[in-house]
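The values are calculated or read from the model by the stated rules, or taken from the named source; none is laboratory data. Please read all numbers here as calculations on a predicted model, not as lab measurements. Here the Cβ positions follow ideal geometry from the backbone for every residue, glycine too, while neighbour counts run over all protein chains shown. Heavy atoms of the whole protein, side chains included, go into the accessibility calculation; ligands, DNA and RNA do not. Shrake-Rupley method; radii C 1.70, N 1.55, O 1.52, S 1.80 Å.
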Amino acid sequence: MTGNIYFDNAATSISKPQCVVDAVVYAMQNFGNSGRSACAQALDASRMIYEARAKIADFFDVGNPRNVVFTSNATESLNIAINGILEKGDHVITTDLEHNSVLRPLYALEGEGVEISFLHSDRKGNINYDDIKSLIKDNTKAIITTHASNLTGNVIDIKRVGEIAHEKNILYIVDASQTAGSFPISMRDMNIDILAFTGHKSLLGPQGTGGLCVMDGIEIKPFKLGGSGVQSYSKKHPSEMPTRLEAGTLNSHGIAGLSSAISYITDIGISNINAKEQELVTRFINGICGIEGITIYGDFTRSHAPIVSINYGDMPSSELSDILMEEYGIATRPGAHCAPRMHEALGTVEQGVVRFSFGYSNTIEEVDAAIKALKEICG
């Protein structure tokens, strides 16, 4: 083993900025329960949470900080959005690129009378945008897409999709799990109505953090009901945002870390983060493309997240990933990656793929070590 190289950032980023760690520790030692008391500790927590909402509202260009809802991850965010928007008799359009956090809620609603149409992927993981209009029906309520596939890294032109959706007065929901923190996202410019994000990947925040950003005028039915710290004698959950979609104690400790991470990313600049990650991807692709027996999935002629998925011959993806970890100290992720329809499109259902996902903290030297390892394994 040559060391410990982490290329599984699409699952979760490991190298968190020290400021994030410090913010979580401070919050754990000093903050009370936001909205549940008038003591100094509770008020400090409330102020921090509002500041975090304001940062995120600006970061994703949603406008009103009250339209930022905190959740535990993107899966919870997507469940809230999907179940809170779609009803029996509605039609929804989505894609083969989606994660199970979109697919499974939709399949569950399909059993209750919601109709689903899929934008199919070609063998390179691309969709045909011209197919969207042909799928739209009179009862189409929403279009839901990922921003980037967690399997191939292919980036969807969400601005283009948003324009099509808004031309037809259809809601556009975006899963930004793989791009938030690595790619600039403006909800207003890109015609995004609802954005789901997670804090623990490229946003460099703690696990257990995430959220929904919802444009003004869009009502989402609450996914859970309970304590809110306000209107306690009412039999109904509060209807005002963000309380409408937040029941129970918020993860103020995690939110403190996420808020610090947003500031860290803003200081560096997303364009600088993206440029470095693209450099790592290009270096890796150029280094392995000539290795006999290696198959690389995705389309690298277009905009691309810092994800590269590969296979070697007919070797099971789990076996190749194990060799990389046990003999070279290189962490990757093998298998299905919770993206079943994408594997069907790529023809990798049985074998899975080995996913290398790069982050801002990775280095050229680490990429070169991975290239060298693959050449030795496949030589």
Residue 90 neighbourhood, Cβ < 9 Å, K/R = +1, D/E = -1, net charge 0
Only helices counted: for the chain, with every DSSP H run of 4 or more residues adding -39500 (n - 2.57) and the sum spread over all residues, [θ] at 222 nm is -12000 deg cm²/dmol
Bounding extents of segment 238-379 in its principal axis frame from Cα atoms, largest first in Å, are 61, 34, 32
Note on the chain: C-alpha Rg/Rh, Kirkwood Rh, two decimals, gives 0.98
Whole-percent carbon and sulfur contribution to the accessible surface of the chain (1.4 Å, no ligands, DNA or RNA) stands at 48 percent
Rounded to the nearest 10, the angle in degrees between the Cα long axis of helix 270-288 and the longest principal axis of the Cα atoms of the chain comes to 30 degrees
Rounded to the nearest 10 Å², the 1.4 Å probe accessible area of residue 72 is 40 Å²
Rounded to the nearest 10 degrees, the helix 18-30 long axis (Cα) sits at an angle to the longest Cα principal axis of the chain of 30 degrees
The alpha-carbon pair-distance distribution computed for segment 203-243, with 5 angstrom bins and whole-percent values, is 5, 16, 24, 19, 18, 13, 4, 1
Restricting to lysines and to Cα separations under 16 Å from residue 236, and discarding same-chain partners fewer than 8 apart, the set is 221, 224
Across 5 Å bins beginning at 0, the whole-percent shares of Cα-Cα pair distances in segment 316-363 come to 5, 22, 24, 21, 15, 10, 3
Of all chymotrypsin sites (Phe, Trp or Tyr not before Pro) in segment 128-206, the ones in DSSP coil with at most 16 other Cβ atoms within 10 Å are 129
Counting only protein heavy atoms and leaving out ligands, DNA and RNA, the solvent-accessible surface of residue 120 at a 1.4 Å probe, in Å² to the nearest 10, equals 120 Å²
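Please report the antiparallel percentage of the DSSP beta bridges confined to the chain, to the nearest 5.
Of all bridge pairs located within the chain, approximately 55 percent are antiparallel.
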In whole percents, the bins of 5 Å from zero upward hold the Cα-Cα pairs of segment 54-188 as 2, 10, 20, 23, 23, 15, 7, 1, 0
Heavy-atom accessible area of residue 282, protein chains in place, probe 1.4 angstrom, given in Å² to nearest 10, is 70 Å²
Of the listed links 137/168; 88/159; 133/159; 201/276; 88/141; 133/168, those spanning more than 19 angstrom between alpha carbons are 88/159
Nearest 10, in degrees from 0 to 90: the angle of helix 74-85 to the longest Cα principal axis of the chain is 50 degrees
So the compactness index of segment 20-127, its C-alpha Rg divided by 2.2 N^0.38 Å, takes the value 1.48
Any GluC sites (Glu not before Pro) in segment 259-317 that lie in a DSSP loop and have at most 12 other Cβ atoms within 10 Å would be 292
With DSSP loop assignment and no more than 16 other C-beta atoms within 10 Å, the trypsin sites (Lys or Arg not before Pro) in segment 1-80 are 36
accessible surface per residue for the chain, probe 1.4 Å, DNA/RNA/ligands not counted, whole Å² -> 42 Å²
Cα gyration tensor of segment 108-223 diagonalised, 5x eigenvalues square-rooted, in angstrom largest first, produces semi-axes 23, 18, 15
